[in-house]
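Every number in this text was worked out from the coordinates using simple rules, so none of it is lab data. This is a predicted model, so every value here is computed, not measured. Cβ sites come from the backbone with ideal geometry, for glycine too, and all protein chains shown count toward neighbours.
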Amino acid sequence: MRYPGFFHDRVKKQQPNQYVLNKNAMAALKTSLLNLFIALLLSLVFALGMALLLNYYKFSNTVSGLVRDNVAVAAQDIQENFGLSLSVGMDLSAMEGMPALLARQSKVDPSIIAIRIGDMHGRGVYASDPALASANYPEAWQIAAKASKNGEWNIREQDGVESIGWILRNNFGLAVGLLGIEYSTSQVEASQKKLFPALIKATLLSFCVSLLIGSIFLLLLCRFCRHVERLTFRTSMLIMLVTLGGLLAVSLQALPLFKQHLLPKLEQNARQSGQIKAELIVRAMGHGLALEELYGVEDVLRRDLIENVGLAYFSVLDSANSVLFHVAKDTWNGHDEPDDVAPPIALPIGDAGSILVGLDAAFAGKLLKEMSLDVLVVLVVAMFFTLEVLAFLPVSGDRSCDPLRKSRDIRAPVFLFFLSEELTRPFLPGFVGSLSKGIDLSLQNIVIGFPIMVFMLVVALAQPWLGGLSQQFGNRRLLLGGTLVAIVGFLVCAMATNIYIFVAARVICALGYAAIFVSAQGHILENTADASRSAGFALFVGAIMVATICGPSIGGILADNIGARATFVVAAGIAALGIPLMFRLPGGTAEQKGSAAGKVRISDALKLCRNSRFMAVCVSAAIPAKVLLTGCCFFLLPLYIISIGSTQAMAGRMLMVYAGFMVLIMPIAARYADRFNARAVFILSGLLISALGGMLALVADGFLLAIGLVVALGVGQSLSITAQSTLVSSVAASEIQLFGDGYVYGVYRLLERMGNALGPLLAGVLLTLFGFQVTFVCMGILALLAAAIFYWLIIHQVASNVEAA
Amino acid sequence: MSNQRRRACLAIAGIFVQSSVPVFARTNKAVRIFVVTFRGKTEVEKGFRDYLARHQYPVEYIERDLGRDSSRFPALIAEIRALQPDLILTWGTTVTEGIVGKYNAVDPRLHITNIPVVFTLVAAPVSAELVPNLISSGRNVTGVYHVASTESQLHAMAAYRPFKRLGILYTPTENNSLAVLDELRVLGKTLGFAVIDRPFRLDAARRPTIDGVPDMLREMKEAGVDWLYLPPDSFLGTQCKDIVIPNAHALGLPTFASTEQIMDAGALAGLISRYYSIGQFTAYKASQILFDKQAPMTVPIETLTQYSFLIRMAVAKQLQLIPPLAMFDSAEFVK
């Protein structure tokens, strides 16, 4: 069995794609125009589809947030009253004014269905509706409250009903009861229903216009481009620009739509906010103060202004309508724009005066600005998709003389499959966390790492066995079977109700993953001559690389918007897209080339283990590298990003940055490590740079730490990975002569994959014991230790051997 | 189920207990708690009793009051030794020190060492040397202190009105007051305010006297003091109502109280712990020792997580220092 890492350093030496214009050029140009058109179409469908999704969910989340804010206001008075009653010695069950207060507060917002207070054992004590008072409150509240970090929760109870709630604590911090508000989300759904058709119309319009303009330019480009070999590059740039234009057009059209559809909620929000201020002022004046005597009014107004996206200013006027107090947002230009936004809302302060609340015309723009990072990610991914499509549908030349034709055929399905797996990276740990709520808190982080560990372990152990299957059934059948198995796995993941089902589902996914890995390699081995094999594997590695760039970033966005479960279904769908493409591959069982040597047996592996320098490379470089990859990138990073209050989309972007560094630096590093014969130095510096990333936790935290870690790991890993596998060929030269390189690399990859499985386990244990900061530092120390061992056993020994000689 | 019976059930359910504490399985045998107060009954003991009663803990109380007379300690100690209660509750720094001694000067002949002691309403147990630190007393003692951290009191003052100069009156022979003064000077450097301090004069027997306080207050006013801070000082506590606070307010000096006692004496504002809540929290700690069988040295010395911000509106109007609007949401107004 051959492995891709072995070929990294040879990849760039071949230039397989050199074609010249021949007499069939005109016919080729016709097919290529069609292919280019398909590429443009796919890029636009993807990018504008994602933009539609992003816009729709941004709008929905904003509306839900506004509704939730409005509802939450009802709780403020209750919580204050509650705290006051407890501190003067009243018992939870003996607060006489509470039922009336709850009934009054339930009128604060029309969405509120019920307000309830219960004890910590599930029993109700008070409710806005007296009939509900002593009934048990939903068990989900208690579960959500226990799981919440700051004692606040928000859950979806059933269709159209959500609840928001708080843990009530006494003044020495003991949890005394729960306060929950059930509210209807019908307002949210109504505004969604109104916006959706308009948004679709706008997106479709942008799509059609972009497609038309893009097609015209493609036609012109094909006609006037004289150098066919430059066509791919130019057309992909053109497709990129057109896609960018389409995205901008969608945003431009979304802007007025957002304004129009959010305004009613915003007005309601502003009205309520003004109402609360007016009530507060009336309360203060109840102590015998005049309006103009009040102190610190601006501070109160300013605090609210900062918290509310949609507000521009507050003014407090006396009964003669002259301004007593006024605060405005910096961005507010000083006068209302009657054409653009609704007029300010005026609310009376008793009969002493009034309060004016101004709406911010710039709010819709702000919402769109908040999406710009996501849109950028979509654009970058669209570019990679375009390149992938163009690789699949070659635009230039005649395919029949291409020695890699059959290898190319497998790239698209392999890409689609790995993309589907990569989608899950940023949200997998968080999703496992949500499934393991019942599990003992001290074990939770270890449990979260468990599915990743099991996945890696199954992939490592199943490969030798699957190699045998591919010989028996042929690569195409194994590829199809693997894809089907993985699809089933994704669907079970999507439906998993507990951690056990989920782990089982991940085992299924891992079997599929391993089967596809093995059969894709087998396919390339079968269908390439010795001269083109490296280039064939380079195609395969390239597909994986592009998938690692595109998958996590899109997966994070999807998980944030449509949820983790739905994203698993999307992953299954993407994997399924590859199935029709697989039927183009040759079927049956072909004669295997050098396969007998590739099979790893445990007894053989033990023989190789006696080579101490081979083991030194594995233990000090290969295994630590994988531990860092799965422990930090796949396990710790997504959890950490969520823990600092960021999103899964951000976790995805971080993994994208990591993959980006790999793609940029790995080929260069591979080339130079060979050229300077400095593999050991590259490995050492890679480990040291990775160590720096972990050590960064000593001086930085939050976002800075995350980005620093990702960059350090990306650079470190890409410096060392290819150098590692080529170093193996020199440290195990005699074994390679004896058993063949397939066998040696088989053992090497197996050990490396054990590192993959170890990573999440180690990180989970450390995280449980010490928390994030120390765990990152420990990972850094691990890399440092590995570097020290590597230096001592490889570099130092070689140097002293040379001296001795 | 009738409303009354439902209420009764709820009471049995034990609203304040964490879910891990068994609710119904109480032993029938009553435990005896020996209560020593300093100056008669307060809300603290009420909170303490209510908490244990609400949880249906079987408790008998033996109550003794020191009547501000430290000479009665030997008799009290002898009585405690004779009765051998299950737990002793001590009220305030003086009583606690009399019963258990300073942690570095325990004399088994003079102090109680073999019975768990829970103290309450001690302003600063560390600077009073009752415990070496707040994590563990290292002996058969734990308790609750009641004064908010000096820093949070300063923030509360600044939230009412920002200040540049802070005045403080204190007894130079009270360790706790000296500790607060040191803390104020340090915080003044970081938060940017000057401390203008005046110690009470001492008589020949080194007892503090009230002589000259009106002049000291006038000096402070002339030095531009923005707030007069009234620390948890025993002597100051007794002089606030009649001398310190009326004189300060007459000069237009706003006063800030650090304890409920000083607040009740008429201060403009204060960040204080409710005595009732302190009592409840003390009872929670006592129940940990008596019923959850925790050793007192494993129970940390703590205070409330939430304080009450009290404002006296009549004084605010008199001094023309209207509280900021935000405080009408969160503060309590007293007469």
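Using helices alone, I'd like the mean residue ellipticity at 222 nm for the protein assembly as shown: each DSSP H run of four-plus residues gives -39500 (n - 2.57), total over residue count, nearest 500.
Taking each H run of at least 4 residues, the total per residue is -19500 deg cm²/dmol.
Can you give the Rg/Rh ratio of segment A:263-365, where Rg is from the C-alpha atoms and Rh is the Kirkwood radius?
0.96
Report D for segment A:606-805 in µm² per second (integer): Stokes-Einstein, Kirkwood Rh on Cα pairs, 25 °C, 0.890 mPa s.
143
Picking from A:487, A:757, A:474, whose Cα lies most toward the positive end of the charge dipole for chain A (charges on Cβ: Lys, Arg +1; Asp, Glu -1)?
Positive-most Cα among the choices belongs to A:474.
Per-residue mean of other chain beta-carbon atoms within 10 angstrom of the beta-carbon, peptide A:165-177? Spell out each step's value before the answer.
Details: counts 0, 0, 0, 0, 2, 9, 13, 15, 5, 8, 3, 3, 2.
Mean partner shielding for this stretch: 5.
Relative contact order for chain A: what percent, with Cα pairs under 8 Å and sequence separation of 6 or more?
Averaging sequence separation for qualifying contacts and normalising by length gives 15 percent for chain A.
Can you give the FRET efficiency for residue A:774 and residue A:248, using 1/(1 + (r/R0)^6), R0 = 41 Å, r = Cβ-Cβ distance, to the nearest 0.05?
Using R0 = 41 Å, I get an efficiency of 0.35.
Of the beta bridges DSSP finds with both residues in the protein assembly as shown, what % are antiparallel, to the nearest 5? The partial results should precede the final answer.
Details: 48 of 86 bridges.
Just about 55 percent of them are antiparallel.
More than 15 Å apart: what percent of Cα pairs in segment A:161-202 qualify?
On the way: 540 of 861 pairs.
Within segment A:161-202, distances greater than 15 Å cover 63 percent of Cα pairs.
By how many degrees, 0 to 90 and rounded to 10, does the Cα axis of helix A:679-695 deviate from the longest principal axis of chain A?
Tilt of helix A:679-695: around 10 degrees.
Which whole-Hz couplings ³J(HN,Hα) result when phi for each residue of segment A:235-244 is put into the Karplus expression 6.51 cos²θ - 1.76 cosθ + 1.60, θ = phi - 60°, listed in order with x for Gly and Pro?
Listing the rounded values in order: 5, 5, 4, 4, 4, 4, 4, 5, 4, 4 Hz.
Whole-Hz Karplus ³J(HN,Hα) for segment B:230-239, in order, using 6.51 cos²θ - 1.76 cosθ + 1.60 and θ = phi - 60°, x for Gly and Pro?
10, x, x, 10, 4, 5, 4, x, 7, 9
If you average the sequence gap of Cα pairs under 8 Å that are 6 or more apart and divide by the length of segment A:263-365, what percent do you get for the contact order?
This gives 34 percent for segment A:263-365.
Grab the Cα-Cα distance for residue A:146 and residue A:342, subtract it from 0.36 nm times how many residues apart they are, and report the gain in nm with one decimal.
66.3 nm
For segment A:80-185, which trypsin sites (Lys or Arg not before Pro) pass both filters: DSSP loop (anything but H, G, I, E, B) and at most 15 other C-beta atoms within 10 Å?
Values: sites: A:104, A:107, A:116, A:123, A:146, A:149, A:156, A:169; in loops: A:107, A:123, A:149.
Here the sparse-neighbourhood loop sites are A:107, A:149.
Which residues' amide hydrogens lie under 5 Å from the amide hydrogen of residue B:130, considering only partners 5 or more residues apart or on another chain, with H built in the peptide plane?
It is B:103, by chain and number.
I'd like the antiparallel share, as a percent to the nearest 5, of DSSP beta bridges with both residues in chain B.
Around 15 percent of the beta bridges assigned by DSSP in chain B are antiparallel ones.
Going by alpha carbons, how many degrees (0 to 90, nearest 10) lie between the helix axis of B:3-13 and the longest principal axis of chain B?
Orientation of helix B:3-13: about 90 degrees from the principal axis.
Explain nothing, just the number: relative contact order of segment A:68-186, from Cα pairs under 8 Å at least 6 residues apart, as a whole percent.
Values: 212 pairs, mean separation 30.3, N = 119.
The value is 25 percent.
Ordered by residue, what ³J(HN,Hα) values in Hz, to whole numbers, does segment A:461-472 give under the Karplus form 6.51 cos²θ - 1.76 cosθ + 1.60, where θ = phi - 60° and Gly and Pro are x?
Karplus values, whole Hz, x for Gly and Pro: 7, 7, 4, x, 5, 5, x, x, 4, 5, 5, 6.
Can you tell me the 0 to 90 degree angle between the C-alpha axis of helix A:25-87 and the longest principal axis of chain A, rounded to 10?
Orientation of helix A:25-87: about 40 degrees from the principal axis.
If each of residue B:221 and residue A:672 carries a label point 7 Å out from its Cα toward its Cβ, how far apart are those two points in nm?
7.7
Too long at a 21 Å Cα-Cα cut-off: which of A:58/A:329; A:107/A:265; A:58/A:259; A:277/B:164; A:259/A:329; B:102/B:241?
A:58/A:329; A:277/B:164; B:102/B:241
Could you tell me the center-to-center distance, by alpha carbons, between segment A:670-727 and segment B:148-195 in angstrom?
52
For residue A:177, what residues show an amide H to amide H distance below 5 Å, using hydrogens built from the backbone and excluding near sequence neighbours?
Result for residue A:177 returns A:168.
Can you list the residues, at least 5 places off or on another chain, whose amide H is less than 5 Å from the amide H of residue A:295, using H built in the peptide plane?
Distant-sequence amide H within range of residue A:295: B:325.
Which number comes out as Rg/Rh for the protein assembly as shown once both Rg and the Kirkwood Rh are worked out on C-alpha atoms?
Taking Rh as the inverse mean 1/r over Cα pairs, Rg/Rh reads 1.05.
When the chain is fully extended, how far beyond the present Cα-Cα distance does residue A:129 get from residue A:729, taking 0.36 nm per residue of separation? Kindly include the intermediate steps, with their values, before the conclusion.
On the way: separation 600, 0.36 × 600 = 216.00 nm, distance 7.68 nm.
Gain on stretching residue A:129 to residue A:729: 208.3 nm.
Calculate how large, on average over all directions, the projected area of the Cα convex hull of segment A:672-772 is; give the answer in nm² to one decimal.
7.6
From the gyration tensor of the Cα coordinates in chain B, what semi-axes in whole Å does the equivalent ellipsoid have, largest first, with each one equal to sqrt(5λ)?
37, 25, 17
Across 5 Å bins from 0, what is the distribution of all Cα-Cα pair distances for segment A:68-186, in whole percents?
Calculated P(r), rounded to whole percents: 2, 12, 24, 27, 22, 10, 2, 1, 0.
In debye, nearest 20, what is the charge dipole magnitude of the protein assembly as shown about its Cα centre with +1 on Lys and Arg Cβ and -1 on Asp and Glu Cβ, if you could check? All intermediate terms of the calculation are to be shown ahead of the outcome.
Numbers: 95 positive and 84 negative charges, 795 e Å.
The calculated dipole for the protein assembly as shown is roughly 3820 debye.
Hey, with R₀ at 30 Å, roughly what FRET efficiency would residue A:212 and residue A:579 work out to, going by the Cβ-Cβ distance, to 0.05?
Efficiency, from the Cβ-Cβ distance: 0.40.
About the Cα centre of chain B, what is the dipole size in debye to 20, counting +1 per Lys and Arg Cβ and -1 per Asp and Glu Cβ, all else neutral? The partial results should precede the final answer.
Values: 36 positive and 31 negative charges, 164 e Å.
That gives a dipole near 780 debye.
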